[in-house]
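Right, one structure below, let's go through it.
The values are calculated or read from the model by the stated rules, or taken from the named source; none is laboratory data. Bear in mind that the values here come from a model prediction, so they are computed numbers and not experimental data. Don't worry about glycine lacking a Cβ; one is built from the backbone with ideal geometry, like all the others, and counts go over all protein chains shown. Keep in mind that these areas ignore ligands, DNA and RNA; they rest on the heavy atoms of the full protein, side chains included. Shrake-Rupley method; radii C 1.70, N 1.55, O 1.52, S 1.80 Å.
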Amino acid sequence: QLQASGGGLVQAGGFLRLSCAASGHSFSRYAVGWFRQAPGKEREVVATVHRGGGTYYADSAKGRFTISRDNDKKTVYLQMNSLKPEDAAVYSCAAKDLILSAPLPTRADEYKYWGQGTLVTVSS
């Protein structure tokens, strides 16, 4: 089970840190991704992190967002800096059990477990 939190209202240029907390065992075996969906738009990947620590960022997130994981706390974070109005969306986290040698999944349909979303609103 995944629980996303940390969303809220922020001014453009501001920052937020989202958290995705997992329950259960073997969290360290999972790849975890952050995805977002704005009204009227399709869900899109934001960033993903491999069980081995490798990361992937969408072009829109590069240089502004940082994904990280703390396996002891069973939590993945998304630090979002320099937020823009176009970053406003419902952000959801997802997880996939992954063998260490497998490539990092970057598509939503590759992920099996999903948490509820957290709303990010960015005012201009």
If I filter segment 36-46 for residues that are at pLDDT 95 or above, of a type in the set (D, E, K, R), closer than 20 Å to Lys112 by Cα and assigned to a loop (DSSP other than H, G, I, E, B), do I get at least one hit?
yes
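Tell me which residues, restricted to segment 60-90, are of a type in the set (Ser, Thr, Tyr) and either open to solvent by 30 Å² or more (accessible area, probe 1.4 Å) or farther than 22 Å from Gln116 by Cα (or both).
Once the filter is applied, which keeps residues that are of a type in the set (Ser, Thr, Tyr) and either open to solvent by 30 Å² or more (accessible area, probe 1.4 Å) or farther than 22 Å from Gln116 by Cα (or both), segment 60-90 yields Ser60, Thr66, Ser68, Tyr77, Ser82.
Would you say Thr106 is assigned to a strand (DSSP E or B) and not aliphatic (A, V, I, L, M)?
No: the conditions fail for Thr106.
Counting just the residues of segment 25-45 that are open to solvent by less than 10 Å² (accessible area, probe 1.4 Å) and touching a helix residue (DSSP H, G or I) at 6+ places or on another chain (Cβ under 9 Å), which one comes out nearest to Ala94 (Cα to Cα)? Full working, then the answer.
Here is the first cut: in segment 25-45, the ones open to solvent by less than 10 Å² (accessible area, probe 1.4 Å) are 31-35.
Those still in the list that are touching a helix residue (DSSP H, G or I) at 6+ places or on another chain (Cβ under 9 Å) too: 31, 33, 35.
Working: Ala31: 8, Gly33: 5, Phe35: 8 Å.
This residue is Gly33.
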Which of (1) closer than 17 Å to Gly115 by Cα; (2) touching a Pro at 6+ places or on another chain (Cβ under 8 Å); (3) not hydroxyl-bearing (Ser, Thr, Tyr) does Cys93 not meet, given it meets every other one?
(2)
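Yes/no matrix, rows are residues, columns are (1) under 24 Å from Gln11 (Cα atoms); (2) of a type in the set (Lys, Arg); (3) touching a His at 6+ places or on another chain (Cβ under 9 Å); (4) modelled with pLDDT under 95:
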position	(1), (2), (3), (4)
Phe27	no, no, no, yes
Trp34	yes, no, no, no
Thr48	no, no, no, no
Tyr56	no, no, yes, no
Ser60	yes, no, no, no
Thr75	no, no, no, no
Asp87	yes, no, no, no
Can you find a residue in segment 96-104 that is over 14 Å from the mean Cα position of the chain (by Cα), open to solvent by 80 Å² or more (accessible area, probe 1.4 Å) and of a type in the set (Gly, Ala, Ser)?
yes
Can you tell me which residue within segment 106-121, out of those that are within 10 Å of Ala4 (Cα to Cα) and among the small types (Gly, Ala, Ser), is most open to solvent (accessible area, probe 1.4 Å)?
Gly117
